[in-house]
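Just below is one structure, and these are the notes that go with it.
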C-alpha cells in the first residue's frame, strides 16, 4: 500500500503538476488573448507617444526650479559691462550664452553670425550739436557724453549718445520746434502757421509717442536739413526735477536716448533685404538703403533747454509745451536772430558681424515642430532693462528646462531659444536668421514667444500678440502666482490693473513692431506674442524714463523696478508655461474663434472709419463681410471638430495641428503690402506713420491716409479690399475638413 | 484506508485543482505580461495604418480594369462637338465630367468657375487678311475658315482660325518675311540686311520652334504693325503635298493653327494676376494686361503662298526657306511695288466664365496630402489630340480608380483630379484654382501629374518633369507593358527609341511651360511631370501637323496616331501607376539625389557658357558650387537615413515625408525672378524667349542674354548668383535632420 499509496500520491502529484501545467497553458492563452490583444486592437487604437497626454506636473516642476535671485544674478553678470552689437563684448556674451546652454543640458547651442551694416559714432571726431553766436563762434556745445552718476556708469566702452544710421554732415541753420515730429504735428504746424517755411531748417523734436525713425523720416520729408531729438521732462522725468536717477527712476538732465533710425518694410540688414547677410550675399549700395540722409542726433534735456529757452516765433499750440520750465516757441531761429544751430555729425555706417545664439531642445514626438522663445542680447549700453532683463529671465528658464531634461522630461515638440544680435539696429539678428532658414521656419514653427524687456515697471504683466495665442496667454497667466499678491494669479492682477473696455478679459494689444517677433509674424505668418511687466500707463510716459540711456543699469532695476526680481520671475514663468503648453499639448492650443472675433472687430472699425467715403467710390464691404462670416463659421466648426475628436490617431492629430498652423500663414501675401513688399501680413502690420504701433488692414489704412490729397490711392484701396477678402477666405479654407 | 485513500485522493484532487487554478493564474499573468505587453511596447511600436505597406496587387487591378476601347469611346464622345473655353459646350462637358466622376464613385466632384478674360473672333465681322492691288482694291482674301474635308468637320460652332488676345485694327503695309520670328531670326536679319527698316511693316512668320506669343512679342518689339503667322509645309506637311489629311496626318493647305498670344510671367486670367478671378477680384485695365497691341492672325499655307510667291527683296538666308515651292524672299513689299497687305482684325477680348472640375478620392491615412492629376478639357475645336486624348485617358483612369474604391481599396493619400478650363488661353483654369487655394495646395500637394495631350504620335512614351520624380517615372514605365511589343515595357521601348546622350536612362526633359503644371511648379514649388506618347523627333517637325486646326478629330487619332488606343492606355497606365505609387508609398518616392545631379549639371552648363565672362566682372561660382556640394551631400545623407529607418512610427514617417515635400518648395523665391515676379522657381522657368522651352537658372540666363548691350544687367547677374546659392543652400537645409 505504501508503494501503492506512494504510487497513488505520485500519480496525484503528477496530476497536480499536469493540472498546474495545463492551467498555466490555458492561463497563458487567456492572458494573451483576453487582455492584451483585445486591448490593443479594439479599445486602444495604436498611437503610441503621439497620443500621450503631457505630464501634468511639469509646470510646477519648472516654476519650482526657477529662483528670482538667480535672475538677479544673471542680470548683474549681463549688465556688468556695455555690450553693444558688433563689439567684442557682444561676441563674448554670445559665447557665454552658448556655453551656459550647453552646460544646462540643452541638446545643442550654436552661434549663427551675419555680416551686416551697423552704425557707430566716429571714434576720432565727436558728434557736435552747438549754438553759434552772431559771429559764428561757438556759444554752447551739447554734452558729448552722459554724466557718470554712479560708479556703475564710469566704465570703458560706453558708446556716446547717437542715432544709428544718421546721415553725416556739418550743417548750420535756424531751429524749429516740431513737438513729437508726428504727422499730426506737422499738420498742425501747417494749419496754424501757414507762412512758416520749414525747408532748410534744423528741427528739434521731443522723443516719445512714435518711433524715432519716423520722426527723422517725417522731418526729412518736410525739408529739414538736420534733426535734434531730445527727451523732455514732461515725457521722461518727474515734475520735481531733482527726483531723478540715481535717486529715482526718472531720467536726469544729462541722459540721452540712443536708438536707430532705420525705417523700412524689411528691417534686418539694410543692405541685404529679403536674403541672409552671408558672405555670398548680394549687397545693395548704402546710398540705396532706406536710411536717413540728414544728420540726426539725440541730446538730454539740460542741453535742450539751452536752445529752447532762446527760441523765437509764435508760442506753441496747446499740448506742445513740455516741462522744461521755459516758454515753448515754434521758431524759426532765436531771439537773437543771428544765432544759429550747428550740427557736425560723424556717425558712420560700418559692416560688422553680429551673432545669434540658437539653443535647441529636441521634441520627443514632433521634433520638427518648433516653439521659439526669443530675446535679443545686444544693448545700447548696459541694457539693465532692454534687453538684459529679458536675457536674465531666459537664462534662468533655459537652466530650468535643462534640469527637467536631465530628470528625464522631454517636450513633445522642440523648444528653440534665440538670443538675437543687433536688435537695436532694426531687428537685424532675428531677421537675418529668419531669412536664412525661411523655408524650414515657415514650415515648422508653431509660435514665436518674445520677451525683449522683461520688466520695464512694477505695475502689471501685459502682453501683445496675434489673436490665436490669446487663450493660451490667459491660461498661462492664470497658473502663475502674482508677484504682487501671492493669493492671486498674474492674470487676476492684470485684470484688476488693466480693466477691459469691453468683455471681461484683460486687453491684449496687437503686435506693432519694435522687437524680434516682427520677422516671424510679418514675413512668414508665425503667431507671436511679446510679454513683459510694465509701468502704470496712467503715468502718461512713452517708455520707462531712462530708456536707451547709460542709466539703464542693474542698480536701476534693483532699486526701482523689480527689487526682488520676482516680477521678472513671473514674466519668465508665464513665458515658460506658454512655451510648455504649446510644446506639450497634443492639440496646439490656438483658438481660431478669437481670430474670427478680432477680424470682425477690425472690419467694423474699418467701416466706422471709411465706409461712407468708400461707398461714394463704389467700394463695398460685401466680399470682406462674407469672407469674415465664412471665417467665423469655419472657426466654429473647426473647434467643434477638435473638441469632439478622439485623440487616438497620430496622423489625424498631426493633420489638425497642421491646419491650426496654417491659419495665420494664409494671411501672408507673397506680394506684400503696397509699397512695403517685405511686410506680407495683410491683416496686421506696423503702422506706416509709427513703426512701434500696430495697424489692422494696413493696406487699406495706408491708402486711405489723406486720400483726398492722393486720389490715385483709390485704386489701391479697391485692390486691397479684394486682397483682404481673398486672404480671409483663404484662411477660412485652411480650417475646413480636408476634402476640397 | 479507503476513506483515508479517498480523503487522500480528495486531498490530491483539491491539490490538483489548486494547482490548476494557480497555474491558470500564473499563466494569465505570464500570458498578459510576457507576450502581449512586451510585444506591444517593445518589439511592435504602435503605428497602425500609418505603417501599413501598400497592397501590392493594386497596380495589376488598376491596369486590368482599364480598356483601350473605353478610351476610344470616351474620345469619340468628347470630340463629337467643338468645346471651346467659355462656350456652352465647355460647361456641358464640365457637367458631364462631374456627373461621370460621381457615377464612378469618387468621393466628390465639383465645378469651380472663374470669371476671366478670354478672346474670340467677332461674330459679325470677319477677320480679314488681304492682298491689295495698286489701286487699293482687293486682289486676294485669305480663307475665313478651314475647308471641311470630312463630315466630322462640317458641324456648327467651329471657331474660325484666330489668335486669341490679338490686337484689333485695320492696317495696311508692306510685308516682311521673318522666318520663325525668333530672336536669332531678327539678329540674322539685322546682320545680313543692315539697311532693312522693319518699323511700320507687317511681318509674316512661320509657325514652329517657339511659342507664338513670343513671335508676336518679338515682332511688336521690332516695330511691326501687324503679324501674319502661317504653317509652312516644311514644318507641318509632307514633302508630297497631296499626302495630307484626311489621307495622312499631315496638315492640308487650308489648315491654320489657332492659339493664344498671352506672354506674361503670370499666365492665368490676364486681369487678375496673383489672385483668383472671383466676383470680388480687383481687375486691372485690359490696356495694362500683358497682351499684344498689334493685330496678329494665323493662315494656312495655301493662302501664305499667295503672298510669299510675290515677295520682293533679297533671297532669304540659308535655313529660312520653307517648302512652299516658291523662292523665299525677305521683302519688304512685292514685285509689284504698289501692292500692299491689309489686315482687318476684329478679335475681341471678353470676360466669360470658365470651369474646372475637381474630383476627389480621400486618402485613408493622410487625406491632407494630395497627388493631383490634371488635364485640361477645353479645345480650340474638337481637340482630338489636344486635350481630349488626355481627357479620354483621365475618364478611364478615374472610372478604374472608382471601381477599386468600390472594391474596398482606398489610397493612403488623397487623389485629386483636375479637369481644367481655358488652358488654351494661357493655363487660365488651373492658374486661377491654384491662386484660390494657394495656401492649402502649397502646404499639402505632394506632386502634380499632367497629361495634356496623351498621344500626339506613335513613336514612344516621353516625360518632362522636375528631377524629384525621375525615379518614380522610370519605375512606373517599367511596370507598364509597351503597346508596341508585349514582351517589353514602356520603359524598354522608350530607352530604345530615345537613347540617352550620356548615362543609361532615357532622357527626361525639363518642364518648360505650355501646360497646366506651370502654376503648380513655378508658383508654389510642387514637383510635377507631364506625360505623353509622341511622334518621332527625327521627323523634325515642331508639333504634330494638324495641331490646333479643325482637323484634330477622332478620325485623325484613330486613323493615324493611335488606332487601337493602346498607346493612350499605356500613357494612362503610367499616369495611374505613378499617382498610385505617390499616393500609396509609406515614404514618398522622391529621389533628391537626382535633383542634386541635375543641379550639378546645370551649374556646369552655366559655367561652360558664362564663367569666363563672369570672372572678368569679379563674379565667381564659389558660393553656388559650395551650395550645390552641400545639397548633394545632404541628399545622400537624407536618403541613407530614409533607407535605414524603421517604418514603425507615424510621426517620424510624416516628418520624413514633410521634408521630402519641402525640397522643391525651397526653390521658390516669393520675390520671383527679376522682372517676372510670378515665376518664382529660381532653378527652372520657361525661357524668356520661348515660353514652351525650359531654362535652368533663368534669372542668370535672362540677365546674361545680350549683356554686352545691357551692361547694367551685371548687377542682376550678381544678385541672382547670390539668390541661387541661397536657395540651393536653403533646399539642402530642408533635408537635414531636424535639429537646427
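The values are calculated or read from the model by the stated rules, or taken from the named source; none is laboratory data. The shown structure was predicted, so the numbers you read here are calculated from the model rather than taken from an experiment. Virtual Cβ from ideal backbone geometry, glycine too; neighbours counted across all protein chains shown.
Taking into account only those residues within segment B:671-706 that are surrounded by fewer than 22 Cβ atoms within 10 Å (Cβ to Cβ), more than 24 Å from residue B:515 (Cβ to Cβ) and at pLDDT 90 or above, which is farthest from the other protein chains (Cβ to nearest Cβ)?
Only one residue fits best here, namely B:704.
Which number in (1) free of Cβ contacts under 8 Å to residues at least 12 places away in the same chain; (2) in contact with a strand residue (DSSP E or B) (Cβ under 8 Å, 6 or more places away or on another chain) marks the one condition that residue B:615 misses?
(2)
Has segment B:366-374 got at least one residue that is in the same structural domain as residue B:127 (by TED's automatic domain parsing) and out of contact with any strand residue (DSSP E or B) (no Cβ under 7 Å at 6 or more places or on another chain)?
Checked against the condition, which is being in the same structural domain as residue B:127 (by TED's automatic domain parsing) and out of contact with any strand residue (DSSP E or B) (no Cβ under 7 Å at 6 or more places or on another chain), segment B:366-374 yields no hits at all.
Of (1) under 26 Å from residue B:105 (Cβ atoms); (2) not in a strand (DSSP E or B), residue B:359 satisfies all except one. Which?
Against the list (1) under 26 Å from residue B:105 (Cβ atoms); (2) not in a strand (DSSP E or B), residue B:359 comes up short only on (2).
Tell me which residues, restricted to segment A:106-125, are over 17 Å from residue A:277 (Cα atoms) and away from chain B (no Cβ under 14 Å).
Correct list: A:120, A:121, A:122, A:123, A:124, A:125.
Is it true that residue B:496 is modelled with pLDDT of 95 or more, surrounded by fewer than 20 Cβ atoms within 10 Å (Cβ to Cβ) and over 30 Å from residue B:361 (Cα atoms)?
Values: modelled with pLDDT of 95 or more: yes; surrounded by fewer than 20 Cβ atoms within 10 Å (Cβ to Cβ): yes; over 30 Å from residue B:361 (Cα atoms): yes.
Spelling it out, residue B:496 is indeed modelled with pLDDT of 95 or more, surrounded by fewer than 20 Cβ atoms within 10 Å (Cβ to Cβ) and over 30 Å from residue B:361 (Cα atoms).
With respect to residue B:303, is the statement that it is part of a helix (DSSP H, G or I) and over 27 Å from the mean Cα position of the chain (by Cα) true?
Yes, satisfied.
Could you look through segment A:284-298, keep only residues that are free of Cβ contacts under 8 Å to residues at least 60 places away in the same chain and under 28 Å from the mean Cα position of the chain (by Cα), and pick out the one that is nearest to residue A:435 (Cα to Cα)? Walk me through how you get there before you give the answer.
Of the residues in segment A:284-298, the ones free of Cβ contacts under 8 Å to residues at least 60 places away in the same chain are A:284-285, A:287-288, A:290.
This time we only want the ones that are under 28 Å from the mean Cα position of the chain (by Cα), so: A:284, A:288, A:290.
Working: A:284: 16, A:288: 20, A:290: 18 Å.
Checking each candidate, the answer is A:284.
Among the residues of segment B:692-705, which ones are part of a loop (DSSP other than H, G, I, E, B) and closer than 19 Å to residue B:209 by Cβ? First the steps, then the outcome.
So the first thing to find is which residues in segment B:692-705 are part of a loop (DSSP other than H, G, I, E, B), and the list is B:697, B:705.
B:705 - this is the single residue of segment B:692-705 that is part of a loop (DSSP other than H, G, I, E, B) and closer than 19 Å to residue B:209 by Cβ.
So residue B:525 passes all but one of these: (1) touching a strand residue (DSSP E or B) at 6+ places or on another chain (Cβ under 7 Å); (2) closer than 21 Å to residue B:419 by Cβ; (3) within 14 Å of chain A (Cβ to nearest Cβ); (4) surrounded by 24 or more Cβ atoms within 10 Å (Cβ to Cβ). Which condition number does it fail?
(2)
Just give me the residues in segment B:403-417 being over 13 Å from residue B:63 (Cα atoms) and touching a residue at least 12 places away in the same chain (Cβ under 8 Å), in sequence order.
B:405, B:406, B:407, B:409, B:410, B:411, B:412, B:413, B:414, B:415, B:416, B:417
Could you tell me which numbered condition residue A:327 fails, if it satisfies all but one of (1) touching a strand residue (DSSP E or B) at 6+ places or on another chain (Cβ under 8 Å); (2) within 13 Å of chain B (Cβ to nearest Cβ); (3) in a loop (DSSP other than H, G, I, E, B)?
For residue A:327, the exception is condition (2).
Residues of segment B:168-198 being surrounded by 12 or more Cβ atoms within 10 Å (Cβ to Cβ) and assigned to a loop (DSSP other than H, G, I, E, B), which ones?
Across segment B:168-198, the qualifying residues are B:168, B:174, B:178, B:179, B:180, B:181, B:182, B:193, B:196, B:198.
In this structure, does residue A:381 turn out to be part of a loop (DSSP other than H, G, I, E, B), without any contact (Cβ under 8 Å) to a residue 40 or more places away in the chain and either closer than 23 Å to residue A:114 by Cβ or not assigned by TED's automatic domain parsing to the domain that holds residue A:86 (or both)?
So residue A:381 fails the test.
Return only the number of the condition from (1) part of a loop (DSSP other than H, G, I, E, B); (2) out of contact with any strand residue (DSSP E or B) (no Cβ under 6 Å at 6 or more places or on another chain); (3) surrounded by fewer than 24 Cβ atoms within 10 Å (Cβ to Cβ) that residue B:220 does not satisfy.
(1)
Being closer than 30 Å to residue A:649 by Cβ and in contact with a helix residue (DSSP H, G or I) (Cβ under 7 Å, 6 or more places away or on another chain), is that true of even one residue in segment B:338-361?
yes
For residue B:659, which of the numbered conditions (1) free of Cβ contacts under 8 Å to residues at least 60 places away in the same chain; (2) facing chain A (nearest Cβ under 9 Å); (3) more than 28 Å from residue B:691 (Cβ to Cβ) fails to hold?
Answer for residue B:659: the failing condition is (1).
Has segment B:399-416 got at least one residue that is assigned to a loop (DSSP other than H, G, I, E, B) and crowded, with 24+ Cβ neighbours inside 10 Å?
Of segment B:399-416, the ones assigned to a loop (DSSP other than H, G, I, E, B) are B:407-412.
In the following step, the residues that additionally are crowded, with 24+ Cβ neighbours inside 10 Å were identified as B:411.
Yes, segment B:399-416 contains at least one residue that is assigned to a loop (DSSP other than H, G, I, E, B) and crowded, with 24+ Cβ neighbours inside 10 Å.
Scan B:471, B:423, B:435 and give me the residue that is within 14 Å of chain A (Cβ to nearest Cβ), touching a residue at least 12 places away in the same chain (Cβ under 8 Å) and either surrounded by 24 or more Cβ atoms within 10 Å (Cβ to Cβ) or over 29 Å from residue A:656 (Cα atoms) (or both).
Of the residues listed, the single one that is within 14 Å of chain A (Cβ to nearest Cβ), touching a residue at least 12 places away in the same chain (Cβ under 8 Å) and either surrounded by 24 or more Cβ atoms within 10 Å (Cβ to Cβ) or over 29 Å from residue A:656 (Cα atoms) (or both) is B:435.
Select from segment A:274-300 the residues that are buried (at least 18 other Cβ atoms within 10 Å of the Cβ) and either outside the structural domain of residue A:201 (by TED's automatic domain parsing) or outside any loop (DSSP other than H, G, I, E, B) (or both) and list them in ascending order.
Within segment A:274-300, A:296, A:297, A:298, A:299 meet the criteria.
Quick check on my filter: what residues within segment A:707-716 are within 12 Å of another protein chain (Cβ to nearest Cβ) and within 23 Å of residue A:187 (Cα to Cα)?
Within segment A:707-716, A:714 is the sole residue that qualifies.
Has segment A:593-604 got any residue that is over 26 Å from residue A:413 (Cα atoms), within 13 Å of chain B (Cβ to nearest Cβ), buried (at least 20 other Cβ atoms within 10 Å of the Cβ) and within 30 Å of the chain's Cα centre (by Cα)? Talk me through it step by step, then tell me what you get.
Our first condition is that a residue be over 26 Å from residue A:413 (Cα atoms); within segment A:593-604, this holds for A:596-604.
Next, from what is left, pick out any that are within 13 Å of chain B (Cβ to nearest Cβ): none.
Checking segment A:593-604: not a single residue is over 26 Å from residue A:413 (Cα atoms), within 13 Å of chain B (Cβ to nearest Cβ), buried (at least 20 other Cβ atoms within 10 Å of the Cβ) and within 30 Å of the chain's Cα centre (by Cα).
In contact with a strand residue (DSSP E or B) (Cβ under 7 Å, 6 or more places away or on another chain), within 13 Å of chain A (Cβ to nearest Cβ) and crowded, with 19+ Cβ neighbours inside 10 Å: is that true of residue B:665 in this structure?
Considered against the rule, which asks whether it is in contact with a strand residue (DSSP E or B) (Cβ under 7 Å, 6 or more places away or on another chain), within 13 Å of chain A (Cβ to nearest Cβ) and crowded, with 19+ Cβ neighbours inside 10 Å, residue B:665 comes out as no.
Just need a number here: residues in segment B:301-332 that are surrounded by fewer than 23 Cβ atoms within 10 Å (Cβ to Cβ) and on the phi > 0 side of the Ramachandran plot.
Number of matching residues: 3.
Listed here are the residues, each with its yes/no results for (1) without any contact (Cβ under 8 Å) to a residue 24 or more places away in the chain; (2) within 18 Å of residue A:401 (Cα to Cα); (3) not in a helix (DSSP H, G or I).
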residue: A:50; (1), (2), (3): no, no, no
residue: A:56; (1), (2), (3): yes, yes, yes
residue: A:61; (1), (2), (3): no, yes, no
residue: A:71; (1), (2), (3): no, yes, no
residue: A:76; (1), (2), (3): no, no, no
residue: A:89; (1), (2), (3): no, no, no
residue: A:93; (1), (2), (3): no, no, no
residue: A:98; (1), (2), (3): no, yes, no
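State yes or no: is residue B:62 more than 7 Å from chain A (Cβ to nearest Cβ), modelled with pLDDT of 65 or more and over 30 Å from residue B:550 (Cα atoms)?
yes
Given the residues B:697, B:726, which is the only one that is over 26 Å from the mean Cα position of the chain (by Cα) and over 18 Å from residue B:618 (Cβ atoms)?
Values: B:697 fails: over 26 Å from the mean Cα position of the chain (by Cα).
Matching residue, one of B:697, B:726: B:726.
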